Amino acid sequence: MSTGPFVLGLDLDGVCADYTDGFRRFVAAERGVSPDTLPDPVDWDWTLCGWGISSREEYLDLHARAVEAGLFRDLDPLPGVSAALWRLSEAGVRIRVITHRLIVSGGHGAAASDTVTWLERHRIPFWDLCFVAAKPEVGADLYVDDSPTNLAAFSAAGLAALVFDQPYNRHVTGPRVADWAAAADAVLAHREATETARTR
Ligand SMILES: [Mg+2]
């Protein structure tokens, strides 16, 4: 078992950054409609979210074009994320950003550089930045994620994870946090419980 610093595996979209709203603005502009006409997705599958996206391919095409247009530079941070992560960092938690943002081929330059720009602009502290699909392969003592697929993968691998509450993940079981104040409390409580178990 690791005896180094406690590592938090931190997802970005839907956890630190408001992907839904940024993508909504892009899709609305593409279609010439008001963003208000595109409801909050209640399913991880974009073809079921009421935005008129008919296939996975159509979603990936829209996503790729949004990324090219600077999506990852322009997303809003979720409320309180910077202050909560600084609180954790100052408490000795090592923040390892783990994101699957290189989901589509092409556009990797924009995705990677806009991600770094965004992290710095919004004062998100981090030690490591990992662009990877298979998140459980990146070591961490605790993960925070919103994706039902990733959360299932952590669970299947026996890894501890917090569910960052979103309308599309309400069916996922496991410890759930609704905002960043609660997430920071939960991370510190988990670290304390882990360290108590280690010293037994
Ligand atoms: Mg996510």
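Are any residues in region 24-58 over 30 Å from residue 159 (Cα atoms) and either buried (at least 17 other Cβ atoms within 10 Å of the Cβ) or charged (D, E, K, R) (or both), and if so, which ones?
Pass one, region 24-58, residues over 30 Å from residue 159 (Cα atoms): 24-39, 50-55, 57-58.
Result: 24, 25, 26, 27, 30, 31, 36, 38, 51, 53, 57, 58.
Out of all the residues in region 125-141, which are in contact (Cβ under 8 Å) with a residue 24 or more places away in the chain, within 16 Å of the ligand (Cβ to nearest atom) and in contact with a helix residue (DSSP H, G or I) (Cβ under 6 Å, 6 or more places away or on another chain)? Answer for region 125-141, where residues must be in contact (Cβ under 8 Å) with a residue 24 or more places away in the chain, within 16 Å of the ligand (Cβ to nearest atom) and in contact with a helix residue (DSSP H, G or I) (Cβ under 6 Å, 6 or more places away or on another chain): just 135. Give the residues of region 87-110 that are over 20 Å from residue 150 (Cα atoms), touching a strand residue (DSSP E or B) at 6+ places or on another chain (Cβ under 7 Å) and surrounded by fewer than 21 Cβ atoms within 10 Å (Cβ to Cβ), sorted by residue number. 89, 94 - these are the residues of region 87-110 that are over 20 Å from residue 150 (Cα atoms), touching a strand residue (DSSP E or B) at 6+ places or on another chain (Cβ under 7 Å) and surrounded by fewer than 21 Cβ atoms within 10 Å (Cβ to Cβ). The number of residues in region 142-194 that are assigned to a helix (DSSP H, G or I), more than 15 Å from the ligand (Cβ to nearest atom), in contact (Cβ under 8 Å) with a residue 12 or more places away in the chain and closer than 22 Å to residue 85 by Cα comes to 8. Residues of region 1-27 being at pLDDT 95 or above and among the hydroxyl-bearing types (Ser, Thr, Tyr), which ones? 19, 20, listed by residue number.
The values are calculated or read from the model by the stated rules, or taken from the named source; none is laboratory data. Just so it is clear, the model here is predicted, and its values are computed rather than measured. All Cβ positions, glycine included, derive from the backbone under ideal geometry; neighbour counts span all protein chains shown.
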